[in-house]
Amino acid sequence: MKKIILLLLALTIPAVAHAEDEFLERPYWSLELKGGTFAPASDNWSQYYGKKDMPEYAGTLAYKVLRQVEIGIGAGSARDRGQAYAPGHGTLSGDVSYKMYPLNVFVLARGIISENQWVVPYIGGGWTRMYYRQSVEGQGEVRGSADGYHFRGGLQLSLDNLDESAANNLYTEEGVYHTYFFVEAERTKAKIKSSSFDLGGTAYLIGLLFEF
């Protein structure tokens, strides 16, 4: 009986070591840094701000429940300046400033089959809270928030294969397993309950993804 137990332990130890190696070999976190343009859903946005979109910058941090599935949180910032019009007669009444701060909680799925994969598609979505602040010169400031949802998708291109030496150094020095360049589109809908005004819109973003 003692010999059987020792044999089972001898067979189990390599399996446990292999499982630990697999646990250590794959990344468990992802960090995105991105920027681009955000086009508000409002039809008359360009009437006040002179253009249909504004710059947006954002970042996300996510934990990989599985290699292909992650849950995370993200935050962003977008702002624009334009001209306000007096109600009734349409004359200019001063400068207007608009700031937007979206907060997202999401689930994301990445189409990873191999760690050396060049192109990886992904799709995700979740809950959104949109904070906003609008001020008109000489007329004070209005601020608030609205809850809603978002969904997004894109393609990520592996940068590891372009420069393996740099990728190895990044892993050795910073613990980063993979680095990707990505492009994505994101649609957000978040309506203010009192007015049904949609604070959402469509964003087109590019960025860098770090897996560690």
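The trypsin sites (Lys or Arg not before Pro) of segment 35-78 that meet both conditions, a loop assignment by DSSP and at most 16 other Cβ atoms within 10 Å of the site Cβ, are 51, 52, 67. Summed over all non-identical Cα pairs, the Kirkwood treatment of segment 28-211 gives a radius of 18.0 Å. Counting only Cβ charges, +1 for Lys and Arg and -1 for Asp and Glu, the dipole size of segment 28-211 around its Cα centre is about 820 debye.
Lysine pair count for segment 28-211 (Cα-Cα distance under 30 Å; residues 8 or more apart in sequence or on different chains): 19.
FYI, it's all coordinate maths here, none of it is from the lab. All values reported here derive from a predicted model rather than from experimental measurement. Cβ sites come from the backbone with ideal geometry, for glycine too, and all protein chains shown count toward neighbours.
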